[in-house]
Amino acid sequence: MTPAPFLILWFLQFSGALALTAPWKVIYCRPGEEGNIPLFTHECVHIQQIERDGAILFTLKVLWYLLRYGYANSPYEVEARNISGIT
């Protein structure tokens with residue numbers, strides 16, 4: 001995981017998230033979270049989702065899922081939590 005640059009760090013802090021997987025398959029995290037293995041595992045599931053669906057479709061589905069289900073109930077998030085064990 002890579003420490004988040006300024007704008008991504010701002011977004012992470014604003015949203016309350018600890019990390020973000022970008023469509024270009026880079027995992028950005030808040031400072032101090034670099035060694036968080038469950039978080040890394042969770043974000044790696046998002047990379048698998050990007051590889052499975054493609055970057056464009058993944059991004060469109062993320063936005064659609066946010067609107068339709070909200071963040072916590074997004075199918076991508078549910079899948080990542082189930083696989084990583086993060087609750």
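No lab work stands behind these numbers, since they all come straight from the coordinates. Model, not experiment: these values are computed from the prediction. Here the Cβ positions follow ideal geometry from the backbone for every residue, glycine too, while neighbour counts run over all protein chains shown.
What 222 nm value per residue comes from the helices of the chain, counting each DSSP H run with n ≥ 4 as -39,500 (n - 2.57) and dividing by all residues, nearest 500 deg cm²/dmol?
Details: 4 runs with 52 residues, N = 87.
Mean residue ellipticity at 222 nm (helix-derived): -19000 deg cm²/dmol.
Taking the Cα atoms only, what angle lies between the long axis of helix 6-15 and the longest principal axis of the chain, rounded to 10 degrees?
60
Pairs of Cα atoms under 8 Å, at least six residues apart: use those to get the relative contact order of the chain, whole percent. It would help to have the intermediate numbers written out before the result.
Numbers: 87 pairs, mean separation 23.6, N = 87.
Reported as a whole number, the value is 27 percent.
For Glu34, Glu77, what's the fewest-to-most ordering of other Cβ within 10 Å of each Cβ? List each step's numbers first, then the result.
Values: Glu34 14, Glu77 20.
So the residues, fewest neighbours to most, are Glu34, Glu77.
Please go through the stretch 5-87 and write out the trypsin sites (Lys or Arg not before Pro) that DSSP classes as loop and that have at most 15 other C-beta atoms within 10 Å.
Lys25
Relative to the Cα centre, what is the charge dipole magnitude of the chain, using +1 at the beta carbon of each Lys and Arg, -1 at the beta carbon of each Asp and Glu, and rounding to the nearest 20 debye?
It works out to roughly 180 debye.
Pick out, from Val26, Cys44, Trp64, the residue whose Cα sits farthest towards the positive end of the charge dipole of the stretch 2-84, with +1 on the Cβ of Lys and Arg and -1 on the Cβ of Asp and Glu.
About the Cα centre, the residue reaching furthest to the positive side is Trp64.
If you plug each phi of the stretch 38-49 into the Karplus form 6.51 cos²θ - 1.76 cosθ + 1.60 with θ = phi - 60°, what whole-Hz ³J(HN,Hα) values come out, in order, with x for Gly and Pro?
x, 5, 4, 4, 4, 5, 5, 4, 5, 5, 4, 5
Relative to the longest principal axis of the C-alpha atoms of the chain, give the angle of the C-alpha long axis of helix 75-84, reported between 0 and 90° and rounded to the nearest 10°.
Value to nearest ten degrees: 50.
If you take the C-alpha gyration tensor of the chain, multiply each eigenvalue by 5 and take the square root, what semi-axes do you get, largest first, in whole Å? Walk me through the numbers on the way to the answer.
Numbers: eigenvalues 71, 42, 35 Å².
After scaling each eigenvalue by five and taking roots: 19, 15, 13 Å.
Rounded to whole Hz and in sequence order, give me ³J(HN,Hα) for the stretch 25-32 from the Karplus expression 6.51 cos²θ - 1.76 cosθ + 1.60, θ = phi - 60°, writing x for Gly and Pro.
The phi angles translate into 6, 10, 9, 9, 9, 5, x, x Hz.
In the stretch 1-83, what chymotrypsin sites (Phe, Trp or Tyr not before Pro) fall in a loop by DSSP, with at most 14 other Cβ atoms inside 10 Å?
The qualifying sites are Trp24, Tyr71.
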